[in-house]
Amino acid sequence: MASVTLQGLSKVYDGSAKPSLDHLDLEISDGEFLVLVGPSGCGKSTALKLIGGLEDPSGGDVFIGEQRVTDFESRDRDIAMVFQSYALYPHMSVFDNIAFPLQIAKVDKAEISKRVQSVAETLHLTAFLNQRPGRLSGGQRQRVAMGRAIIRQPSVFLMDEPLSNLDAKLRVKMRSEIAQIQRRLDVTTIYVTHDQVEAMTMGDRVAIMREGVLQQVATPDDLYRKPANTFVASFIGSPPMNLFRASLSGTGDKQVTLGDQTLTIAPESIEAYPGISAHTGEVVLGIRPEDIEDADLSPDTRAGDTITAEIAHLESLGADHMVHLALEAEQVHVGDQPQDQVETPLGPTSGGLCICRFSPRSKARSGDRVRARIATDNLHFFDPATGGALNQ
Ligand SMILES: Nc1ncnc2c1ncn2[C@@H]1O[C@H](COP(=O)(O)OP(=O)(O)OP(=O)(O)O)[C@@H](O)[C@H]1O
Ligand SMILES: [Mg+2]
């Protein structure tokens, strides 16, 4: 077991104008489960390949424990990798597939047998050891690939979207199994996914990347509660945080005006975003869908914590009603790439849609004009020029 330290790790592929990985600094502690997440092409696999020694960096260093391994061959790094395409040997039994790394290393036969049995028990594969992989389900095959990785008892696991070939239900099952196995083995793990739910449920910490650049690394809870910028704010959470251009006013009591509606900001939001206390003028206001409720269901609403708007569209999901409120305010869209943050190309009278997660007890229907109660103690504020959180 060991920590992994990345210092200024960069990669510019031959013939490429810009870096696929741009000065990544990251410390993953011994036994930690770190998830690397971000949209397609943001450099996740590149980072993993550099750590595993499958690609050479253009700059920066990789340390495993105290040791600088930047120039080490992949096989000398004491790392095991599991990829999306798990490439089992079809003509070999499950036993031999799992045992393969030990057979290569010329480990004693009795020892191999003991370790394969133990790994098979951990992964619930004992009953399949004599079968060929072709007769296994997707999830079972994925576990065989895991078995082949963990049998060597490496210092570090690298996993690149290992569940993306599985159907949705199996993915949910396997993600908790992998998380449990990792905790039991206590091996430092770096796990790549583009799925924010997978990231949030599996990681001790989650590192979010965009265009080769690390945006934020934090616990799932901190990412959700204190996103560093509008990109992280809209990447984490489903449906994503609503982002609107708004303006701040007031000195002691602070207000935020969103189109033709004004909210009074609760002290908790000012504490979380101290940058707003001295700030007046334009901001990007963030409101999570789960922080908006039908005001008719909240007996203690005040004037400063409600907005009134028409329901443009309502989706009933059983446990929730997803309500799309038409607001006379300019919506901010954050795309995968920094240049995608564009102003909505709509006239000044057109507005945006604010998604709210209403309780199914709400009687509101599509086309109704409703009062919605906003949790003003959980508002988020960002700089409209940079997208950075006003939390300093
Ligand atoms: N061998 C290569 N040669 C040139 N460019 C590459 C190479 N591999 C990756 N890239 C580029 O580097 C960028 C990052 O790619 P990478 O595979 O790391 O992204 P990713 O985050 O893993 O995406 P995905 O979620 O789609 O797997 C992309 O723009 C990609 O086109
Ligand atoms: Mg990838």
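The values are calculated or read from the model by the stated rules, or taken from the named source; none is laboratory data. Quantities reported herein were computed from a predicted structural model and do not represent experimental measurements. A quick note on method: Cβ atoms are made from the backbone with ideal geometry, for glycine too, and the neighbour counts reach across all protein chains shown.
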Q: Determine whether T193 is without any contact (Cβ under 8 Å) to a residue 12 or more places away in the chain and of a type in the set (V, I, T).
A: no
Q. What's the number of the condition D22 fails, among (1) under 23 Å from the mean Cα position of the chain (by Cα); (2) more than 16 Å from ligand 1 (Cβ to nearest atom)?
A. (2)
**Q.** the stretch 134-162 residues that are among the polar types (S, T, N, Q), paired with ones that are part of a helix (DSSP H, G or I) (beta carbon under 7 Å, 6 or more apart)
**A.** Q140/F128; Q142/M174
**Q.** Test set (1) among the aliphatic types (A, V, I, L, M); (2) exposed (fewer than 14 other Cβ atoms within 10 Å of the Cβ); (3) touching a Phe, Trp or Tyr at 6+ places or on another chain (Cβ under 7 Å) - A278 fails condition number
**A.** (3)
Q. Which condition number does Y89 fail, the rest of (1) under 30 Å from G8 (Cα atoms); (2) away from ligand 1 (no atom under 16 Å from the Cβ); (3) of a type in the set (S, T, Y) being met?
A. (1)
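Taking the condition in contact with a Lys or Arg (Cβ under 8 Å, 6 or more places away or on another chain) and away from ligand 1 (no atom under 15 Å from the Cβ), does S58 pass? Spell out how you get there, then give the answer.
Details: in contact with a Lys or Arg (Cβ under 8 Å, 6 or more places away or on another chain): yes; away from ligand 1 (no atom under 15 Å from the Cβ): no.
No: the conditions fail for S58.
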Q) Only one residue in V37, V4 is crowded, with 16+ Cβ neighbours inside 10 Å, away from ligand 2 (no atom under 12 Å from the Cβ) and within 17 Å of M209 (Cβ to Cβ), so which one is that? A) V4
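Could you look through the stretch 124-175, keep only residues that are of a type in the set (S, T, Y) and over 19 Å from L36 (Cβ atoms), and pick out the one that is nearest to ligand 2 (Cβ to nearest atom)? Outline the logic, then answer.
Going residue by residue through the stretch 124-175, those that are of a type in the set (S, T, Y) are 126, 137, 155, 164.
Now restrict to residues that are over 19 Å from L36 (Cβ atoms): 126, 137.
Working: T126: 33, S137: 24 Å.
Per the criteria, the residue is S137.
Return the residues of the stretch 70-101 that are hydroxyl-bearing (S, T, Y) and within 16 Å of ligand 2 (Cβ to nearest atom); say none if nothing qualifies. Write out each step before concluding.
Residues of the stretch 70-101 hydroxyl-bearing (S, T, Y): 70, 74, 85-86, 89, 93.
S85, Y86, listed by residue number.
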**Q.** the stretch 199-221, subset assigned to a helix (DSSP H, G or I) and in contact with a helix residue (DSSP H, G or I) (Cβ under 7 Å, 6 or more places away or on another chain), residue surrounded by the fewest Cβ atoms within 10 Å (Cβ to Cβ)
**A.** T201
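Give the residues of the stretch 64-106 that are assigned to a helix (DSSP H, G or I), in contact (Cβ under 8 Å) with a residue 24 or more places away in the chain and of a type in the set (V, I, T), sorted by residue number.
V94, I98
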Q) Going by the structure shown, is G15 buried (at least 21 other Cβ atoms within 10 Å of the Cβ), more than 21 Å from Q153 (Cβ to Cβ) and within 12 Å of ligand 1 (Cβ to nearest atom)? A) no
Q: Filter the stretch 285-296 down to residues that are in a strand (DSSP E or B) and over 22 Å from the mean Cα position of the chain (by Cα) and give me whichever is nearest to T251 (Cα to Cα).
A: I292
Q. Can you pull out the residues in the stretch 153-165 that are more than 16 Å from ligand 1 (Cβ to nearest atom), within 20 Å of L88 (Cα to Cα) and part of a loop (DSSP other than H, G, I, E, B)?
A. Q153, P154
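With within 14 Å of ligand 1 (Cβ to nearest atom) and either in the same structural domain as D221 (by TED's automatic domain parsing) or acidic (D, E) (or both) as the only criterion, which of I64, I51 stands out?
Details: I64 fails: within 14 Å of ligand 1 (Cβ to nearest atom).
On inspection, the qualifying residue turns out to be I51.
When you go through A303, A319, A329 one by one, which is the residue that is surrounded by 14 or more Cβ atoms within 10 Å (Cβ to Cβ) and either in contact with a helix residue (DSSP H, G or I) (Cβ under 9 Å, 6 or more places away or on another chain) or of a type in the set (G, A, S) (or both)?
Working: A303 fails: surrounded by 14 or more Cβ atoms within 10 Å (Cβ to Cβ); A319 fails: surrounded by 14 or more Cβ atoms within 10 Å (Cβ to Cβ).
A329 is the lone residue from the list that is surrounded by 14 or more Cβ atoms within 10 Å (Cβ to Cβ) and either in contact with a helix residue (DSSP H, G or I) (Cβ under 9 Å, 6 or more places away or on another chain) or of a type in the set (G, A, S) (or both).
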Q: Determine whether P299 is assigned to a loop (DSSP other than H, G, I, E, B), modelled with pLDDT under 95 and closer than 30 Å to S40 by Cβ.
A: no
Q: Report, by residue number, each residue of the stretch 263-322 that is free of Cβ contacts under 8 Å to residues at least 60 places away in the same chain, farther than 24 Å from G388 by Cβ and aliphatic (A, V, I, L, M).
A: A303, I311, A312, L314, L317, A319
Q: Go through (1) in a helix (DSSP H, G or I); (2) modelled with pLDDT of 95 or more; (3) buried (at least 20 other Cβ atoms within 10 Å of the Cβ); (4) more than 24 Å from the chain's Cα centre (by Cα) and name the single condition L50 misses.
A: (4)
